[in-house]
Amino acid sequence: MTILQRLAGASPTYVEKRGENFLVAAHPKPVTVHRGTVRLLLDARRDFLSAWRASDYRSRTRAVRILGRQIVLVNDPADIKYVMATRHENFERKSPQMRRSLEPLLGDGLFISDGKTWAARRPLVADIVHKTRVPDFGKVMEAATVEMAARWATLPAGTELNALAEMAKLTAAIIARAVFGNDLSAEAAFEVVDGFTRYQRLIDSVNLGYFLGFDEGLPAFRGVRLKREVRRIHTVIDRVVSEHLDGRGDAASMLDLLIRRQEKSPGLGLGRDALRNEAATIFMAGHETTAATLTWAWYLLGSAPWAEARLLAEIRAVCGDRTPTVADVPKLAYATAVIEETLRLYPPVPILARQPKAADRVGEIDVEPAALVLVVPWLLHRSPDLWKRPTRFRPERFLKDQRPIPYSYIPFAIGPRICAGLQFGLTEAVLCLAILAGRFAVRVREGYPVHPTQRLTLRPEGGLPVTVTPR
Ligand code: HEM
């Protein structure tokens, strides 16, 4: 904890209520007093979720100023459509915070690029993770989850696991095999996963330089430790890229698909660095998010026995005694609703931050160039103006005929920058959940206080201690 973080004061209080047939999911009590802008910045630096007041959850657009910087909070579906879709060209650029903190690792990778680079790469990346390829990658998802289930089955009764770490291992194994191919060694995969985790701990969650007047923010502090993690990750990926370029890679991998695109159309300019940046981007974007989703699903299901019973009944009806496969996913409507409701309550990317290129007008607000424009799924998905009993866990909201108001539900973002791996991530989450929930009762440690917190993704602070009991 830094001195600044300590100055920021105590953690927020959390509310959670359980009943026989309802669950009010863990929610930080909104702050009631305005603690001044510097204090707000310090709070946000420690944990973005702790800074919101009850009025911020209302569905509207408003602006505040922090140290002279205009911050526009867009929480109205029509205005979200305007920012994310209609005026995409003006708002496509990620915030300096996001770009600066990830650029040492991802370079010009899709997640943080914009303009010509983004426009050239987006169709390529979208195509290689496209939904039509999901059935092929589904085999990888099934195999990795069945391996995890086999390991869980050997654990002595009552062994406690950290669900967040377990889900991160699982989704990292899946995305590593999908991106790099089946031949990536376990040690190499560990180097990349561990490197990403450590990297995240080292980067700051607020770019103070931006608030002090530097429109582009200040470069992330590249200390020895940060450089070491970047080197570690790049060394592994560079080696794999070289093997693939020499024709020694798995032909079904995403990396090989990218290389073949480049061979067909040399004008794409996907050199070694670009290949590494896109592979690292897909790896990062494609594993933490799904790991967080599954972890939150275990928390919610473990506390909502009526929902778990309905899920198990569906799995039995669709799959009988056999292991669910990727072909079953379209038939698992309730499992899908559980994941969708989990993504509503705990969107893994809780804040979408943009920097407008030019002045604009959003709703009633005149937006300044280089302002910080925040679309916050965390607030939107819990707005009492848009959702009935917003903090309750109720997967039924997502069953047939009950779809949310357009632009009020955006866990994968929306508009041209919508998550390229939406179908991959959704299918993976439903499939992993169905395989594991069918075999194990996952229970959070009795009395464990679950506190959502945000780094790059939204996760339970300190992980999620669970036991897994074979059914
Ligand atoms: C439940 C799982 C997932 C969630 C909730 C999720 C969410 C998101 C969100 C919110 C964004 C936009 C971020 C922003 O605009 O600031 C995004 C972008 C992206 N995601 Fe996902 N994602 C998931 C899984 C995946 C998977 C599995 C992959 C790849 C296989 C992937 C690849 C990407 C890529 C490449 C981008 C950048 C798109 C662009 O900027 O054009 N995601 N994701």
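I'm trying to understand the selection: among the residues of segment 78-89, which are more than 10 Å from the ligand (Cβ to nearest atom) and crowded, with 18+ Cβ neighbours inside 10 Å?
Asp79, Ile80, Tyr82, Val83, Arg87
Just to be sure, is Ala309 over 22 Å from Lys169 (Cα atoms), of a type outside the set (Asp, Glu), at pLDDT 90 or above and surrounded by fewer than 23 Cβ atoms within 10 Å (Cβ to Cβ)?
Against the criterion (over 22 Å from Lys169 (Cα atoms), of a type outside the set (Asp, Glu), at pLDDT 90 or above and surrounded by fewer than 23 Cβ atoms within 10 Å (Cβ to Cβ)), Ala309 qualifies.
Between Val179, Val140, which is touching a Lys or Arg at 6+ places or on another chain (Cβ under 8 Å) and not polar (S, T, N, Q)?
Result: Val140 is the single residue among Val179, Val140 that is touching a Lys or Arg at 6+ places or on another chain (Cβ under 8 Å) and not polar (S, T, N, Q).
Name every residue in segment 376-424 that is touching an Asp or Glu at 6+ places or on another chain (Cβ under 7 Å), part of a helix (DSSP H, G or I) and either within 9 Å of the ligand (Cβ to nearest atom) or farther than 29 Å from Ile174 by Cβ (or both), in order of residue number.
Residue satisfying the conditions is Leu379 alone.
For segment 113-132, give me each residue that is near the ligand (Cβ under 8 Å from one of its atoms), in a loop (DSSP other than H, G, I, E, B) and within 21 Å of Gln355 (Cβ to Cβ).
The one that is near the ligand (Cβ under 8 Å from one of its atoms), in a loop (DSSP other than H, G, I, E, B) and within 21 Å of Gln355 (Cβ to Cβ): Ser113.
Among the residues of segment 170-200, count how many are surrounded by fewer than 19 Cβ atoms within 10 Å (Cβ to Cβ) and either of a type in the set (Asp, Glu) or under 16 Å from the mean Cα position of the chain (by Cα) (or both).
Here the count works out to 6.
This table checks each residue for (1) within 19 Å of the chain's Cα centre (by Cα); (2) of a type outside the set (D, E, K, R); (3) over 24 Å from Arg459 (Cβ atoms).
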residue: Asp360; (1), (2), (3): no, no, yes
residue: Ile365; (1), (2), (3): no, yes, yes
residue: Lys388; (1), (2), (3): no, no, yes
residue: Phe393; (1), (2), (3): no, yes, no
residue: Leu399; (1), (2), (3): no, yes, yes
residue: Tyr409; (1), (2), (3): yes, yes, no
residue: Ala413; (1), (2), (3): yes, yes, no
residue: Ile418; (1), (2), (3): yes, yes, no
residue: Gly421; (1), (2), (3): yes, yes, no
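Checking Ala437 against (1) in a helix (DSSP H, G or I); (2) at pLDDT below 95, which test does it fail?
Every listed condition holds for Ala437 apart from (2).
Run Ser265 past the list (1) among the hydroxyl-bearing types (Ser, Thr, Tyr); (2) within 16 Å of the ligand (Cβ to nearest atom); (3) more than 30 Å from Gly19 (Cβ to Cβ) and report the number of the one that doesn't hold.
Going through (1) among the hydroxyl-bearing types (Ser, Thr, Tyr); (2) within 16 Å of the ligand (Cβ to nearest atom); (3) more than 30 Å from Gly19 (Cβ to Cβ) one by one, Ser265 breaks only (2).
Yes/no per residue for (1) over 25 Å from the mean Cα position of the chain (by Cα); (2) modelled with pLDDT of 65 or more; (3) on the phi > 0 side of the Ramachandran plot:
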position: Thr2; (1), (2), (3): yes, no, no
position: Arg6; (1), (2), (3): yes, no, no
position: Arg18; (1), (2), (3): yes, yes, no
position: Pro28; (1), (2), (3): no, yes, no
position: Thr32; (1), (2), (3): yes, yes, no
position: Leu41; (1), (2), (3): no, no, no
position: Ser50; (1), (2), (3): no, yes, no
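Name the helices (runs of 4 or more DSSP H) wholly inside segment 247-341 in which the number of residues that are polar (S, T, N, Q) and within 23 Å of Ile435 (Cβ to Cβ) is 1 or more.
272-302
The values are calculated or read from the model by the stated rules, or taken from the named source; none is laboratory data. What you see is a predicted model, and the numbers here were worked out from it, not measured in a lab. Methodologically, a virtual Cβ is constructed for each residue, glycine included, from the backbone with ideal geometry; neighbour enumeration extends over all protein chains shown.
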